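Enquirer: Here it is: the structure, laid out below.
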Amino acid sequence: MSLDRFIQEFDHSLRVVNGITQADRPTPKPVPGEPEAVLSDADKKHAAGLMRVNHVGEICAQALYQSQKLATASSTLKATFEHAAREEVDHLSWTAERLTELDSRPSLLNPLWYAGALTMGFIAGRFGDRLSLGFMAETERQVELHLDGHLEQLPKADLRSRAIVEQMRAEEMAHARAASDAGAIELPAPVRGLMRACAKVMTRTAYYL
């Protein structure tokens, strides 16, 4: 990797971890005309915890796609990872914005989450492109299920958070399909189980921290 490329990637990492990102697209909004009730303090706190978890997920997505992009020699796959990462930057910015609206903050452990995901993504990438794509597909499928759960748990009146999560869910599904279409292989059951276990630790911790 050239020095210029290293500096560029390092700068991107710092921006992601420190929340210095800007969405290319406007934040999804509720359907016009739908009444949005004022949230109670308890509902705001719960919604903030869920959106903090989603924000951490996007921090991890940036790390995963960055490391997988660096690990492959395929220009086609680099473009696939870069496209997904650009959409995930929007998700990152949307969730950060919603956290501010809920008078809350991102996870205090974001540097740890980023470093862990960067390591996992690079390891997956070194095992070959098809396995790296399989890792991408499985990650996005698990994120889809995770977002399904959040749509059930978010306060019914929190239409703003719901609009963001619904758009994120649709795009995560598209990323999984893109990985499958590009030749992803299915990961072994123990690996999928380990990924779910790691995700559970992350989500339970990030809800509070």
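Enquirer: Within the range 146-170, track down each residue that is within 13 Å of the chain's Cα centre (by Cα) and surrounded by fewer than 17 Cβ atoms within 10 Å (Cβ to Cβ).
Expert: Ala170
Yes or no, residue by residue, for (1) at pLDDT below 90; (2) touching a Ser or Thr at 6+ places or on another chain (Cβ under 7 Å):
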| site | (1), (2) |
| --- | --- |
| Asn110 | no, no |
| Gly116 | yes, no |
| Leu154 | no, yes |
| Ala163 | no, no |
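Enquirer: Let me ask something else. Among Glu87, Glu97, Glu82, which is without any contact (Cβ under 8 Å) to a residue 40 or more places away in the chain, among the charged types (D, E, K, R) and either more than 20 Å from Gln22 (Cα to Cα) or in a helix (DSSP H, G or I) (or both)? Full working, then the answer.
Expert: Details: Glu87 fails: without any contact (Cβ under 8 Å) to a residue 40 or more places away in the chain; Glu97 fails: without any contact (Cβ under 8 Å) to a residue 40 or more places away in the chain.
Result of the check over Glu87, Glu97, Glu82: Glu82.
Enquirer: Continuing with this model, one more query. Filter the range 20-66 for residues that are of a type in the set (S, T, N, Q) and either on the phi > 0 side of the Ramachandran plot or not in a helix (DSSP H, G or I) (or both); which is surrounded by the most Cβ atoms within 10 Å (Cβ to Cβ)?
Expert: Residue satisfying both the conditions and the ranking: Thr21.
Enquirer: Next question. Restricting the range 84-124 to residues that are of a type in the set (Ser, Thr, Tyr) and within 14 Å of Gly57 (Cα to Cα), which is surrounded by the most Cβ atoms within 10 Å (Cβ to Cβ)?
Expert: Applying the filter and picking the extreme gives Thr95.
Enquirer: Name the residue that is nearest to Ala182 (Cα to Cα), counting only residues in the range 68-105 that are within 14 Å of the chain's Cα centre (by Cα) and small (Gly, Ala, Ser).
Expert: Ala84
Enquirer: Any residue in the range 177-190 that is free of Cβ contacts under 8 Å to residues at least 40 places away in the same chain, surrounded by 15 or more Cβ atoms within 10 Å (Cβ to Cβ) and in a helix (DSSP H, G or I)?
Expert: The answer is no, given that none of the residues of the range 177-190 is free of Cβ contacts under 8 Å to residues at least 40 places away in the same chain, surrounded by 15 or more Cβ atoms within 10 Å (Cβ to Cβ) and in a helix (DSSP H, G or I).
The values are calculated or read from the model by the stated rules, or taken from the named source; none is laboratory data. Just so it is clear, the model here is predicted, and its values are computed rather than measured. When we count neighbours, we look across all protein chains shown, and the Cβ atoms used for this are built from the backbone with ideal geometry, even at glycine.
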